Amino acid sequence: MATEGICAGRIVIITGAGRGIGRAHALAFAAEGAKVVVNDLGSTLSGESTAETPAEQVVSEIRAAGGEAVANGDDVASWEGAQRLVQQAVDTFGGLDVLVNNAGFVRDRMLVNLAEEEWDSVVRVHLKGHFATMRHAAAYWRAESKAGRAVDARIINTSSGAGLQGSVGQGNYGAAKAGIAGLTLTAAAEFGRYGVTVNAIAPSARTRMTETVFADMMAAPEDGFDAMAPENISPIVVWLGSTESAGVTGRMFEVEGGRLALGEGWRHGVPVDRGARWNPAELGTVVSELIAKGVTPEPVYGA
């Protein structure tokens, strides 16, 4: 691992970093000189616990390459677990500079068949798991700022096209990812005063979670550029975690292969103002005019 790089000396927490995109993030940050806390609960794709220790395996890879890393097995959606995760970074490496929220799993089902537990578990890990870690990390940075110590910190959240445009069969996952997008905007507005930027990514890559979604794209090419490799997602995340990204906050980055774009969220359309309360019978024509003047929504995935 590099002793110098755009994240040299920065202390980074990455959740769900035992496999897939999270593992790629951990290796990429370490390659740029960061000290990494590799969090992974070691669960199956549907969120069930296993005896595996993927976080420790990633830590071994980083250390074997000369980097610094430590494993964490806490549940990020547990209030106490998220607090322990942040404290471990502080206790082990002396602080915290970057939080990358990546942990999650899917329980896909059409809404009419979706069980309450399938809704609750997915929303808990994705949405509460982002909030809990952000809350404890921000409390640490606020205390540092109030103590007069300079803070140049970063949060990078993980949303999804399923949250930005919707995805058939993923109502629970899409709702959680849409919530993460909104949470990112609020946190960016609130945390800036403490020296913290907050951004999010909407990635597309080959992982356990996308096996069925990208079934026709799962096989890596025999030669040439593998556009669906998880490693393609990490460069923008590493850059956002560096000091170079200080002026960027409240943004959503869509990334797939070598393609990078800003995700443009909900915007105010051109209004029609009656100057008084509308009569319901008047609104058919008005709504038709508003839709005609507006931007056509992006299609829902799978529709």
(request) Quick one: residue 250 ticks every box in (1) without any contact (Cβ under 8 Å) to a residue 60 or more places away in the chain; (2) surrounded by 11 or more Cβ atoms within 10 Å (Cβ to Cβ) except a single one, so which number is it? (result) (1)
(request) Kindly indicate whether any position in the stretch 97-108 is within 25 Å of residue 170 (Cβ to Cβ), at pLDDT below 95 and part of a strand (DSSP E or B). (result) no
(request) Among the numbered conditions (1) touching a strand residue (DSSP E or B) at 6+ places or on another chain (Cβ under 6 Å); (2) at pLDDT below 95, tell me where residue 237 comes up short. (result) (2)
(message) Scan the stretch 256-265 and tell me whether some residue there is surrounded by 10 or more Cβ atoms within 10 Å (Cβ to Cβ), modelled with pLDDT of 95 or more, within 27 Å of the chain's Cα centre (by Cα) and in a loop (DSSP other than H, G, I, E, B).
(response) yes
(request) Please find, within the stretch 20-45, the residue that is surrounded by the most Cβ atoms within 10 Å (Cβ to Cβ) out of those that are modelled with pLDDT of 95 or more, in a loop (DSSP other than H, G, I, E, B) and out of contact with any strand residue (DSSP E or B) (no Cβ under 7 Å at 6 or more places or on another chain). (result) 40
(message) I'd like the full set of residues that are of a type in the set (Val, Ile, Thr) and either surrounded by fewer than 24 Cβ atoms within 10 Å (Cβ to Cβ) or free of Cβ contacts under 8 Å to residues at least 12 places away in the same chain (or both), limited to the stretch 88-105.
(response) 90, 92
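A quick yes/no check of all residues on (1) crowded, with 19+ Cβ neighbours inside 10 Å; (2) over 12 Å from the mean Cα position of the chain (by Cα); (3) assigned to a helix (DSSP H, G or I); (4) at pLDDT below 95:
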site: 120; (1), (2), (3), (4): no, yes, yes, no
site: 127; (1), (2), (3), (4): yes, no, yes, no
site: 136; (1), (2), (3), (4): yes, yes, yes, no
site: 140; (1), (2), (3), (4): yes, yes, yes, no
site: 143; (1), (2), (3), (4): no, yes, yes, no
site: 157; (1), (2), (3), (4): yes, no, no, no
site: 172; (1), (2), (3), (4): yes, yes, yes, no
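The values are calculated or read from the model by the stated rules, or taken from the named source; none is laboratory data. Worth saying up front: this structure is predicted, and the values here are computed from it rather than measured. All Cβ positions, glycine included, derive from the backbone under ideal geometry; neighbour counts span all protein chains shown.
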